[in-house]
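The values are calculated or read from the model by the stated rules, or taken from the named source; none is laboratory data. The structure presented is a predicted model; accordingly, all values stated were derived computationally and were not measured. Positions of Cβ are generated from backbone atoms using ideal geometry, with glycine treated the same way; all protein chains shown enter the neighbour counts. We work out accessible area using only protein heavy atoms, side chains counted, and drop any ligands, DNA or RNA first. Shrake-Rupley method; radii C 1.70, N 1.55, O 1.52, S 1.80 Å.
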Amino acid sequence: MVSLELARELQEAGLVWEPREHDRFAIPDRDLDGQIFAINDLSTEIHEFGPLRAITFNGAVEWSLDWILSEDVVWLPTESQLRDAVGEAFVRLDQTIDGYRCTFRLEGRESHETAGSAPDAYALALLALLRDKRARRTA
């Protein structure tokens with residue numbers, strides 16, 4: 001799982017989240033920054049209201065939060081979800097002395113992102129791909 005800061009960068013860069021059971025997320029700016037929540041059918045569920053998705057909290061919740069829009073939370077993707085999101089651009093992941101290096105294709109050439117953990121290396125590669133995609137759309 002990536003840090004909240006890196007997850008926010010991915011969200012701002014355009015990573016789309018389709019909430020599913022077992023996904024983890026954080027609720028920023030509500031004095032809950034240290035809490036990580038997971039969607040599961042026992043305590044949280046996804047409800048769709050037209051184009052909006054709400055995450056509902058079932059049962060007794062000590063901080064009185066019954067529901068929140070999915071756009072108001074930050075998805076914390078797992079390593080496998082990040083690898084899947086990098087998709088066909090993925091070339092390989094190598095362990096280095098300092099962590100991991102993700103090699104991926106960007107604009108027809110191999111690029112690399114290095115981080116202390118495999119999820120962070122995938123996230124940085126995905127961030128580069130999302131930013132490149134956004135730059136191409138606005139050009």
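Okay, here's what the table says:
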{"item": "Which numbered condition Ala13 misses (of (1) open to solvent by 90 Å² or more (accessible area, probe 1.4 Å); (2) modelled with pLDDT of 85 or more)", "result": "(1)"}
{"item": "Members of the range 1-57 that are in contact with a His (Cβ under 7 Å, 6 or more places away or on another chain), over 26 Å from Val86 (Cα atoms) and small (Gly, Ala, Ser)", "result": "Ala54"}
{"item": "Check on Val74, under 15 Å from Met1 (Cβ atoms) and either touching a strand residue (DSSP E or B) at 6+ places or on another chain (Cβ under 7 Å) or modelled with pLDDT under 95 (or both)", "result": "yes"}
{"item": "Test set (1) out of contact with any helix residue (DSSP H, G or I) (no Cβ under 6 Å at 6 or more places or on another chain); (2) not in a strand (DSSP E or B) - Ser111 fails condition number", "result": "(2)"}
{"item": "Residue that is most open to solvent (accessible area, probe 1.4 Å), among those in the range 16-35 that are of a type in the set (A, V, I, L, M) and under 23 Å from Ala125 (Cβ atoms)", "result": "Val16"}
{"item": "Looking only at the range 83-119, and only at residues there that are basic (Lys, Arg) and exposed (fewer than 14 other Cβ atoms within 10 Å of the Cβ), the one that is farthest from Met1 (Cα to Cα)", "result": "Arg109"}
